[in-house]
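Enquirer: One structure is given below, represented as structure tokens, and several questions about it will come after.
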Amino acid sequence: MKFTDKESYSLPVVLAVGLHVAVIVGGALLAGLSEKAPEPPKRPPIVNATIIDVADTIIGQREAEERRAADAAVKAQQEAKQKARDEARRKAEREALEKQRREAEATRKQQEQARQKAEAERQAAIEKQKAADEKARQERLSKEKKAAQEKAKQEQLAKEKKAAEEKARQERIAKEKKAAEEKAKQEAERKRKAEEQARQEAERRKRAEEAVQRAMDEEDARRKAAEAGQMVQSISSLINRRVTDAWIRPPSARNGMKTLLRINFLPNGEVADVQVLKGSGNATFDKYAMDAVYKVGRIEELSKVESYIFERNFRQVDLLFNPQDLRN
């Protein structure tokens, strides 16, 4: 960049510095001429120095304004140049983009024309192939139709032959089935008669065996019932005797007093519970009767009784407690 270039700050700076130097020198000269000759000091003189800022003077302010104006002019000139350069750049870019668009559009049109041409050629080839395929298909269909007609004819002949053979087979099967059914019927009748005879014989034997068994069972039942009756009677007497033996006569007991007790036994012969079904009219007599049952506690003989006899006769025993040796 040259010293006198409009965009350079060198010339304004030199001018401003020279102006400041001239102002300072002039001010000093004027101050020297206006002062009187100093008298000899009696004391060592005291030097007072004052610093003057040129920028505070009218000349300095004018120079500052001129410098700012020069700077603003230079800045405006630079901004104008930059704006012109930016506008030229944007214009060049727009022109380049427009050129690219026109070239792309031309290329697209060429490609579209080429595509349309290729599509037309492809469609023509397709139509030609379709025509050839249709001709081949028609010829194939004609051959297939003739072959199908011949096949249908052969199948019809075979079907008629098969039907005739099936008819003959069915007639033969029907005759064989009829004969087999007749034979089976006769065999079934013979078997039925034999089974009926065997069933009747078996029933006769069964009735005879059942009659013998019933007689034996009845005899055994009578025997067991007699034995069970004797055992029940014996154990009942045993229970009554043991309760009487365990009973303590209360002072209030009188002849004719009696209490109906219900005793619940466990299978092992233990007394589970005692209830008074019908009292004697004397609470003490009834209580002593119940105490006698609890005192007995267990009838060991009951543990040896068969379960069905126990359940039927001794699971719950009603005992009429009626001592015979009471006082009047």
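The values are calculated or read from the model by the stated rules, or taken from the named source; none is laboratory data. Fair warning: this is a prediction, and the values are worked out from it, not measured in the lab. Methodologically, a virtual Cβ is constructed for each residue, glycine included, from the backbone with ideal geometry; neighbour enumeration extends over all protein chains shown. Surface areas here come from the heavy atoms of the whole protein model, side chains and all, with no ligands, DNA or RNA. Shrake-Rupley method; radii C 1.70, N 1.55, O 1.52, S 1.80 Å.
Enquirer: Taking 0.36 nm per residue of sequence separation and subtracting the Cα-Cα distance, how much length would be gained by fully extending the chain between Glu105 and Ser142, in nm to one decimal?
Expert: 7.9 nm
Enquirer: If you roll a 1.4 Å probe over the heavy atoms of the protein chains, what accessible area per residue do you get for the stretch 232-328, in Å²?
Expert: Details: 5650 Å² over 97 residues.
I get 58 Å² per residue for this part.
Enquirer: Could you name the lysines whose alpha carbon sits less than 24 Å from that of Lys109, not counting residues in the same chain fewer than 8 places away?
Expert: Lys109 reaches Lys99, Lys117.
Enquirer: Could the peptides 96-104, 252-260 be put in order, highest first, of the mean number of other beta-carbon atoms found within 10 Å of their residues?
Expert: Values: 96-104: 10.0, 252-260: 14.8.
The packing order, highest mean first, is 252-260, 96-104.
Enquirer: Which residue, Gln197, Leu302, Leu260, has the largest displacement toward the positive end of the dipole of the stretch 160-306 when charges sit on each Cβ (Lys, Arg +1; Asp, Glu -1)?
Expert: Value computed over the given set: Gln197.
Enquirer: Once label points are set 7 Å from the Cα along Cα→Cβ at both Asp318 and Ala152, what is their separation, rounded to one decimal in nm?
Expert: Reported label-point gap for Asp318 and Ala152 is 10.1 nm.
Enquirer: For Asn240 and Ala198, what is the calculated FRET efficiency with R₀ set at 45 Å and r taken between the beta-carbons, to the nearest 0.05?
Expert: Working: r = 60 Å, r/R0 = 1.33.
Computed FRET efficiency for Asn240 and Ala198 comes out at 0.15.
Enquirer: Moving on. For Gln230 and Arg85, calculate 0.36 nm times their separation in residues minus their Cα-Cα distance, and state this gained length in nm to one decimal.
Expert: 37.6 nm
Enquirer: Work out the charge dipole of the stretch 93-237 with +1 on the Cβ of Lys and Arg and -1 on the Cβ of Asp and Glu about the Cα centre, then indicate which of Gln138, Ala114, Gln100 is farthest towards its positive end.
Expert: Gln138
Enquirer: Using per-residue counts of other Cβ atoms within 10 Å, averaged over each peptide, order 177-183, 262-268 from highest down. Numbers along the way, then the final one.
Expert: On the way: 177-183: 10.6, 262-268: 15.6.
Top to bottom by mean Cβ count within 10 Å: 262-268, 177-183.
Enquirer: Roll a 1.4 angstrom probe over the protein heavy atoms and tell me the percent of accessible area of the stretch 82-148 that is carbon or sulfur. Walk me through the numbers before you get to the answer.
Expert: Working: 3250 of 6100 Å².
Heavy-atom surface of the stretch 82-148 belonging to carbon and sulfur, 1.4 Å probe: 53 percent.
Enquirer: Please state the shape class of the stretch 211-328: rounded when a/c is under 1.5, otherwise prolate if a/b exceeds b/c and oblate if not, all from the C-alpha gyration tensor.
Expert: On the way: a/c = 3.03, a/b = 2.28, b/c = 1.33.
Prolate.
Enquirer: Moving to a separate point now. Which of rounded, prolate or oblate describes the stretch 70-211 when judged by the alpha-carbon gyration tensor and an a/c cut-off of 1.5?
Expert: On the way: a/c = 30.01, a/b = 2.69, b/c = 11.14.
It comes out oblate by the Cα gyration axes.
Enquirer: Pop the C-beta distance of Gln129 and Lys159 into the FRET formula with R0 = 41 Å and round what comes out to the nearest 0.05.
Expert: 0.45
Enquirer: With a/c under 1.5 counting as rounded, go ahead and sort the stretch 262-328 into rounded, prolate or oblate using the C-alpha gyration tensor (a ≥ b ≥ c being the square roots of the eigenvalues; past the cut-off, prolate if a/b is larger than b/c, else oblate). Don't jump to the answer; show the numbers that get you there.
Expert: Values: a/c = 2.33, a/b = 2.24, b/c = 1.04.
Note, shape of the stretch 262-328 comes out prolate.
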